[in-house]
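Some notes on the structure that comes next.
The values are calculated or read from the model by the stated rules, or taken from the named source; none is laboratory data. Keep in mind that this is a model prediction, so the values were computed, not measured. Backbone-built Cβ (ideal geometry, glycine too); neighbour counts: all protein chains shown. Side chains included, ligands, DNA and RNA excluded: accessible areas come from the protein's heavy atoms. Shrake-Rupley method; radii C 1.70, N 1.55, O 1.52, S 1.80 Å.
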Amino acid sequence: MRYSFKLVLILVVLLGFQTCNQSEDNVPEITKEEFPDLKIFLDKFEAEAKLRGYNFDFSNLDLVYVDKLTMPDGSEYCGLGIIKHPVSGKRTIQISKSPGHCDWAKKTDIERENLFFHEMGHAFLGLLHDNALMCNGKPLSMMTDDFNQFFIYKENEPELREYYLDELFDRLAANEKCIDFGQNFAENPVFFKNDLADPMWRFSNDNGRYQVSRGIHPNSFSTTYLGISSSGTGQNNGYIYKELEVPNIPEGATVILRTKVNAENLEGPGVAIAMRVYDTKIGTTGATTNESHTLTTEPNPVNGKLENHVLELRLPNFTRKTIFILPFAVMMPGTKGEAFFDDFEILVEPV
């Protein structure tokens, strides 16, 4: 496939800058050192890592207090985990000293540990926010940003703390819990579809050699499409794709990318679909993003006159180690004409 370099850049951006915004009322009044050395919490992280078989090298990690963490849109955050700092090039944890919003100075050590470990999840373990829930309504992961990250577990909850740290280092630990998937896949297998209300689609038009579009066919009232057209001058693939982060799909399920292609007269190689899957690999100096699967119909593109021609890819044995799924609609170089990928969707067949 010819678009890997751009994808790597996108993944670096997505994984390289994670923020956490939390506040809490009724903060306990506790007399202690207001801003202790952050290495105290790094030592705790290291001890927990060793209990789970990891021996890390933190020489490329910076721990920094800052007066305030304010984003360009004005939002204020309590912690920041950066995989590669734009100036130092190091993995970096920043903790806000802001008294009004975060009140780190008034937090207990276990509360501080909660936020620090969350930011280490971003900066050192390469994790994104994960807002899946247990069946009891608790967050499935301490990487949530729907709950206050100072209070995922408390002092008197050692078993809950152990679970969240197990899951921090190994996402498969979540399989021990009853997971709320938000739907019954046996009754409703559609996990994802081309929803026109979703603006977060990306594309590559090979310097204008392809035209891409999204819409609803005028005579159908409900059939959504991804459209790609070209005059035949494409030198690289033209494609449209979507990034699905930390997909909440049952362990061992089969994940299916399916679409119906329609075209009046595609000349040349034709069109295809693809699906790329990513997880993380934890090394001595931290985690890296790893492409675990690439599935594609590109070796056998379709062309000519196409009427609801079904293209399908199947990924068996889904694992919750997955942090990205990227489905693609693809037009091959040298193809002339217009193709519509109708009802572009991902289905889930549970075990």
- Message: Could you go through region 288-302 and let me know if any residue there is in contact with a strand residue (DSSP E or B) (Cβ under 6 Å, 6 or more places away or on another chain), open to solvent by less than 10 Å² (accessible area, probe 1.4 Å) and within 27 Å of residue 206 (Cβ to Cβ).
- Response: no
- Could you tell me which residue of region 264-287 is nearest to the chain's Cα centre (by Cα), considering only residues that are open to solvent by 20 Å² or more (accessible area, probe 1.4 Å) and of a type in the set (D, E, K, R)? 281
- Query: For residue 304, which of the numbered conditions (1) of a type outside the set (A, V, I, L, M); (2) touching a residue at least 60 places away in the same chain (Cβ under 8 Å); (3) over 21 Å from residue 195 (Cα atoms) fails to hold?
  - Reply: (2)
- Message: Just to confirm my filter: which strands (runs of 3 or more DSSP E) fall fully inside region 51-140 and include at least 3 residues that are open to solvent by 10 Å² or more (accessible area, probe 1.4 Å)?
- Response: 61-66
- For region 23-50, how many residues are at pLDDT 95 or above, open to solvent by 80 Å² or more (accessible area, probe 1.4 Å) and among the acidic types (Asp, Glu)? 1
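Conditions tested, residue by residue: (1) open to solvent by less than 50 Å² (accessible area, probe 1.4 Å); (2) part of a helix (DSSP H, G or I); (3) in contact with a Pro (Cβ under 9 Å, 6 or more places away or on another chain); (4) of a type in the set (D, E, K, R).
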| position | (1), (2), (3), (4) |
| --- | --- |
| 163 | yes, yes, no, no |
| 167 | yes, yes, no, yes |
| 187 | no, no, no, yes |
| 219 | no, no, no, no |
| 222 | no, no, no, no |
- Task: Working only within region 292-334, note down all residues that are farther than 30 Å from residue 267 by Cα, part of a strand (DSSP E or B) and touching a helix residue (DSSP H, G or I) at 6+ places or on another chain (Cβ under 8 Å).
- Result: 324
- Message: Among (1) modelled with pLDDT of 95 or more; (2) farther than 30 Å from residue 59 by Cβ, there is one condition residue 222 misses while meeting the rest; what is its number?
- Response: (1)
- Members of region 240-263 that are open to solvent by less than 10 Å² (accessible area, probe 1.4 Å) and in a strand (DSSP E or B): 240, 241, 255, 256, 257, 259, 261, 263
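Per-residue answers, yes or no, for (1) among the acidic types (Asp, Glu); (2) within 22 Å of residue 322 (Cα to Cα); (3) touching a strand residue (DSSP E or B) at 6+ places or on another chain (Cβ under 6 Å):
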{"position": "112", "(1), (2), (3)": "no, no, no"}
{"position": "124", "(1), (2), (3)": "no, yes, yes"}
{"position": "208", "(1), (2), (3)": "no, no, no"}
{"position": "212", "(1), (2), (3)": "no, no, yes"}
- Task: Give the residue, chosen from 147, 151, that is out of contact with any Phe, Trp or Tyr (no Cβ under 9 Å at 6 or more places or on another chain) and in contact (Cβ under 8 Å) with a residue 12 or more places away in the chain.
- Result: 151
- Item | Residues located in region 194-210, provided they are exposed (fewer than 15 other Cβ atoms within 10 Å of the Cβ) and charged (D, E, K, R) | 195, 198
- Only unsatisfied item for residue 155, checking (1) in contact with a helix residue (DSSP H, G or I) (Cβ under 6 Å, 6 or more places away or on another chain); (2) open to solvent by less than 50 Å² (accessible area, probe 1.4 Å), is (2)
